[in-house]
Amino acid sequence: QAERSTAYNFALATNPFSWIATEVTFYQNFVTDAIVVRDLDGKPGGNRSFFNVASERRDGVDGKLNLSPWNFLDFLYAIDYVKVTDRTLHVRVQRDRPVLSHTLGSTLNLPLDIHYSLWGKWIETNRDLTLAIPNDRRFVFSSKLFWRCPKVYYGNLCIYLQVTNMFDSGFSFDKNFNPNP
C-alpha cells in the first residue's frame, strides 16, 4: 500500500544581502502504512523489497544556505535531519530510515538562460557499522544541464539533461534502498 501522510511545515527564510539566502524548515509528518526497504537475504546490498509497517511520526529540520557571489555562479549547502517515532509503541525507530543527509552544490549560469549544476549528496544509510557498505559513506554526484524556456503564464518550463551518480557505478543506496537520486 502507498504511504499516507499528513504533514505540517513551518519555514523561516531570510535574504539579508543580495548574494546570500538562508532557509530553515521544521516539519512533522504523521504517516500511515509507512514503507521500509528490507534485505530479503539478510545481507546488505543484497535483494531488497518494500514492506508496510505501523504508523510513524517523522520530525525533522531542513536547512539551506545559498551563496551567489557573482551573477554567473551560485553555491548551495543543505542539511536534513529527521527523527522517526513509531506511533503505536511511542519509541524512536531506527529501521532503515536515513537520519542525516548533506548536499553540496554549485550552479553555473550561462548566457541564453542555460544553466549547469553539479551537486553532491551524502546520506547516512547505514548507522550500524557492522552492516555498513563502504560505498554508502561517499558523496553521490549528479549533474544537470538545463535551459529555462521563456516565461509562460503560470511559470517556467525547463528542458534538461541530467546524469545521476556520475563517478561511482558501484554506489549502492540508489539501487532500491531509498529512492533518492
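Throughout, read-outs are computed from the coordinates displayed, never taken from laboratory work. In this text, all values refer to a predicted model and were calculated from it rather than measured experimentally. Ideal geometry is used to build each Cβ from the backbone, glycine not excepted, and the neighbour counts take in all protein chains shown.
Provide the gained length on full extension for the span residue 22 to residue 165, in nm with one decimal, where the gain is 0.36 nm per separating residue minus the Cα-Cα distance.
Contour length minus Cα-Cα distance gives 48.8 nm.
Using a simple spin-label model with points 7 Å from Cα along the Cα→Cβ vector, what separation in nm is obtained for residue 8 and residue 85?
1.1 nm
Each label point is 7 Å from the Cα along the Cα-to-Cβ direction; what then is the distance between the points at residue 51 and residue 102, in nm?
3.2 nm
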